[in-house]
1. Under the condition of being in contact with an Asp or Glu (Cβ under 8 Å, 6 or more places away or on another chain) and open to solvent by less than 50 Å² (accessible area, probe 1.4 Å), which residue from segment 512-558 is modelled with the highest pLDDT?
2. Could you check F228 against (1) farther than 30 Å from M497 by Cα; (2) open to solvent by 10 Å² or more (accessible area, probe 1.4 Å); (3) modelled with pLDDT of 85 or more and say which number it fails?
3. Those residues that are open to solvent by less than 40 Å² (accessible area, probe 1.4 Å) and without any contact (Cβ under 8 Å) to a residue 40 or more places away in the chain, I need them from segment 88-118; list them, please.
4. Can you tell me which of (1) under 18 Å from V280 (Cα atoms); (2) open to solvent by less than 10 Å² (accessible area, probe 1.4 Å); (3) not acidic (D, E) is the one L45 doesn't meet?
5. Taking Y219 as the residue in question, decide whether it is over 24 Å from S89 (Cα atoms), open to solvent by 10 Å² or more (accessible area, probe 1.4 Å) and of a type in the set (F, W, Y).
6. Restricting to segment 289-304, count the residues that are touching a residue at least 24 places away in the same chain (Cβ under 8 Å), under 16 Å from S347 (Cβ atoms) and either within 25 Å of the chain's Cα centre (by Cα) or open to solvent by 30 Å² or more (accessible area, probe 1.4 Å) (or both).
7. Looking only at segment 334-348, how many residues end up being among the hydroxyl-bearing types (S, T, Y) and either open to solvent by 40 Å² or more (accessible area, probe 1.4 Å) or outside any loop (DSSP other than H, G, I, E, B) (or both)?
8. Determine, yes or no, whether L412 is in contact (Cβ under 8 Å) with a residue 12 or more places away in the chain and buried (at least 16 other Cβ atoms within 10 Å of the Cβ).
Amino acid sequence: MALYWCTEALPLAVTALLPIVLFSLLGILPSNKVCPQYFLDTNFLFLSGLIMASAIEEWNLHRRIALRVLMLVGVQPARLILGMMLTTSFLSMWLSNTASTAMMLPIANAILKSLFGEKDTSKDINRENEENQASLQQNKLYTVPTEMQFLASTEDKDLTEEKEVASDALSDLKKEEEYKTNIWKGFLISIPYAASIGGTATLTGTAPNLILLGQLKSYFPECDVVNFGSWFMFAFPLMLIFLLLGWLWISILYGGINLRGWRTKKSNIRVDAEARAREVIKEDYQKLGPTKFAEQAIFFFFCMFAIMLFSRDPKFIPGWASLFAPGFISDAVTGITIVIILFFFPSQKPSFKWWFDLKAPNTETQPLLTWRKAQETVPWNIILLLGGGFAMAKGCEESGLSVWIGGRLHPLEGVPPPVAVILITIVIALFTEFASNTATIIIFLPVLAELAIRLKVNPLYLMIPGTIGCSYAFMLPVSTPPNSIAFSSGHLMVKDMARTGLLMNLMGVLLLSLAMNTWAKSIFQLGTFPAWANIHAENATSLLPAVENVTLSALNKI
């Protein structure tokens, strides 16, 4: 399955269905234990997030939020890049990273065209330069031969002056075109990066986060420290710091921030271009018209969705789930409750006169979201992909494979845990450059869980960096769908992504290591080896002789 996921020999979702067939045929797990893994409560939490995102997209609320943020931050290139990154990261906390990128790129292109005009590819710049040089040559503004200088000394002075003016103009033109090209690249590359960073901030933001939650419930059923609220308190500050540093790096690299020219006066061309960009954003916002009742309703339910998930069991104070029987209320219950309301809440403001007017027509009102729309827009293949990961984890646990892998990790037992965190994040970040982040985390999490038990550290201390490291894929177009979408615009080259992404990966690894050794320790109680991990370690120890006996008997038969 790992090979198929990495090579995509079969569609990812189809590969995820293989455990249903193979685990049963090979005698690993009966089908009545495999199939329930495809619809755990974690899958329903993710499904509720996808349906909420579908409702937001249906009424264009995401576009209104994006344009409003851009109006607030201003139209200077560095500020616009910051606005793009903030908006994209916020949207990708709730929508999929791919949907956030696909929505923001057309807005970015419209702003860039208003700033710099149409731009097809970098070849156009070279063509324009060649045409300018040709016109200069036709006007005889190149250096004249030395023999002619002796015969026409007076004319030579005029020609020299014209040549200097023309060369200065050409130099300025080249600088302006280079500036435009860099800003264009900075805009386009910032959007997929912000989507990948923003997706790590919430449990529903990206699939690997939910796979971690599902596999924790499979390996460590007693572990209850990871939920929507605790994850947000850990990951949101990390996301903000990384986003700010990423913005500074992209802005400095692509000319949005000029370290040498803070006091240089802006050219009239740039002032006019920024005014045009401001008008484009304002015009696009006005096209949306006044805020509709449906948008207000969606925004209200979206806020309720987030607040109820945060406050269910925040750990530092009793949450509202404590009002019910312990263990009965999960994040999935919260998400699905809000989502069900979307299917019957009216999209137009209801009139109370209808109840008292006997002659009022009995017309059907459209709900905020129809099931047909949900069917069309929700990526159901992701649900199967999550299920395949959970089924694989269950198979690894039941068969004793995870214990066997843990037994082969003796050389790593002497590695200090902080060093292990950095090494794990680097390895996974490099691996996910070439493989799906979902497939990567499914492959690595069982190994990390067993390694943590061998090192006698809290399993979350290794599993959380591995999970977030999967989303730090910045160097190649094939690394993530958002990278591919931005690259397909035709304005970016592989070397642009590699050059920018290398430092982004390095920053991500260091910031993640900092977070795990500071505020994450108090949120997830990482300083101690927890009791729920001890129970798993004891079970693993009891399983190990059985696994060895099976292996030895198989070898004896051979």
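The values are calculated or read from the model by the stated rules, or taken from the named source; none is laboratory data. The shown structure was predicted, so the numbers you read here are calculated from the model rather than taken from an experiment. Don't worry about glycine lacking a Cβ; one is built from the backbone with ideal geometry, like all the others, and counts go over all protein chains shown. Please note that ligands, DNA and RNA were not included when accessible areas were found on the heavy atoms of the full protein model with its side chains. Shrake-Rupley method; radii C 1.70, N 1.55, O 1.52, S 1.80 Å.
1. My answer is W532.
2. Condition (2) is where F228 drops out.
3. Answer for segment 88-118, where residues must be open to solvent by less than 40 Å² (accessible area, probe 1.4 Å) and without any contact (Cβ under 8 Å) to a residue 40 or more places away in the chain: just G117.
4. All conditions pass for L45, except number (1).
5. The answer is no for Y219.
6. Step one: filter segment 289-304 for residues touching a residue at least 24 places away in the same chain (Cβ under 8 Å), giving 291-295, 297-299, 301-302, 304.
Of the ones still in play, those that are also under 16 Å from S347 (Cβ atoms) are 291-295, 297-299, 301-302.
Right, trim to either within 25 Å of the chain's Cα centre (by Cα) or open to solvent by 30 Å² or more (accessible area, probe 1.4 Å) (or both) and you get 291-293, 295, 298-299, 301-302.
Qualifying residue count, segment 289-304: 8.
7. Of the residues in segment 334-348, the ones among the hydroxyl-bearing types (S, T, Y) are 334, 337, 347.
If we keep only those that are either open to solvent by 40 Å² or more (accessible area, probe 1.4 Å) or outside any loop (DSSP other than H, G, I, E, B) (or both) as well, we get 334, 337.
Qualifying residue count for the region: 2.
8. Considered against the rule, which asks whether it is in contact (Cβ under 8 Å) with a residue 12 or more places away in the chain and buried (at least 16 other Cβ atoms within 10 Å of the Cβ), L412 comes out as no.
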